[in-house]
Amino acid sequence: MTVLSEYVEPVEVDAARMAEALGRFGRVEIAEPPWGARDVLRDRLATVEARGGWDVLWEHVSASLREALQSLWVRRFAALAELDALPRVPTHGDAHPGNLSGWDGENVVALDWEQFGLGPAGFDLGYLVVAVPEHAGSMLAVESVVRRGAVLTAAFTVASRAAWSLGQPSPGDHLDRLRQLAYYIEEASSQAL
């Protein structure tokens, strides 16, 4: 099967503007399509677990970050249940600048809809937080339900990517990004699940 789309000139899009557009998208009311992605984060964590979890990170992080990561990993099923209890909203499922590549007025032109479906409020925002180099504080100045979904998604995503990267020939900056976003790991693990 071949999918064709109109060419969109890639543009630099600031993270706050992307987050705003994702927020508008998340407020759209749609029925869950039977073909939509479900349990994206749960499936990703199952893959991480099959690869041995986050144990490979322990020697690469500070003692306090290791403690927060261990706590979050042990309580991952409670965190997933917490995400399940959040409002379900439309999610792109892979919201990063490469897939949010242009503008049509105030709307982001989004590509790669493979992971589209309904997911927990804040999912796309959490995924975006991990993907952009900017400090995410202003992006997460949102209502508590959305923030909680974003923080949990960001924490599990950044830790899982860092663990995966350590087994790669070129690990990239995933471990550095984990350290930069340590406060989200700590926030995710410190709140009662």
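Contact map, the range 162-187: residues that are free of Cβ contacts under 8 Å to residues at least 40 places away in the same chain paired with residues that are exposed (fewer than 14 other Cβ atoms within 10 Å of the Cβ), Cβ distance under 6 Å, separation 6+ or inter-chain. Pairs shown: Ser165/Gly172.
When Asp84, Asp94, Asp43 are screened for being modelled with pLDDT of 85 or more, touching a Phe, Trp or Tyr at 6+ places or on another chain (Cβ under 8 Å) and of a type in the set (Asp, Glu), only Asp94 passes. From the list Leu80, Leu69, the one residue that fits, being under 15 Å from the mean Cα position of the chain (by Cα), under 14 Å from Ala188 (Cβ atoms) and outside any loop (DSSP other than H, G, I, E, B), is Leu80. Note on the range 12-39: among residues that are part of a loop (DSSP other than H, G, I, E, B) and of a type in the set (Gly, Ala, Ser), the one that is most open to solvent (accessible area, probe 1.4 Å) is Ala31.
When the range 114-144 is limited to residues that are in a loop (DSSP other than H, G, I, E, B) and at pLDDT 85 or above, the one that is surrounded by the fewest Cβ atoms within 10 Å (Cβ to Cβ) turns out to be Glu114. Against the numbered list (1) farther than 18 Å from Gln70 by Cα; (2) open to solvent by less than 10 Å² (accessible area, probe 1.4 Å), Ile185 comes up short only at (1). When the range 83-104 is filtered for residues that are in contact (Cβ under 8 Å) with a residue 12 or more places away in the chain and part of a strand (DSSP E or B), the ones remaining, listed by number, are Arg88, Val89, Pro90, Thr91, Leu100, Ser101, Gly102, Trp103. Quick one: which of Glu67, Glu106 is at pLDDT 95 or above and surrounded by fewer than 17 Cβ atoms within 10 Å (Cβ to Cβ)? Going through Glu67, Glu106 in turn, just one is at pLDDT 95 or above and surrounded by fewer than 17 Cβ atoms within 10 Å (Cβ to Cβ): Glu67. Here the condition is being within 22 Å of Pro171 (Cβ to Cβ) and either open to solvent by 50 Å² or more (accessible area, probe 1.4 Å) or under 15 Å from the mean Cα position of the chain (by Cα) (or both); of Gly98, Gly93, it holds for Gly98 alone.
Considering (1) open to solvent by less than 10 Å² (accessible area, probe 1.4 Å); (2) out of contact with any helix residue (DSSP H, G or I) (no Cβ under 6 Å at 6 or more places or on another chain), the lone condition that Gly52 does not fulfil carries the number (1).
The values are calculated or read from the model by the stated rules, or taken from the named source; none is laboratory data. Note that the coordinates shown come from a computational prediction; the quantities given were computed from them, not determined experimentally. Backbone-built Cβ (ideal geometry, glycine too); neighbour counts: all protein chains shown. Ligands, DNA and RNA are stripped out before the accessible areas are found, and what is left, the full protein with its side chains, is counted by its heavy atoms. Shrake-Rupley method; radii C 1.70, N 1.55, O 1.52, S 1.80 Å.
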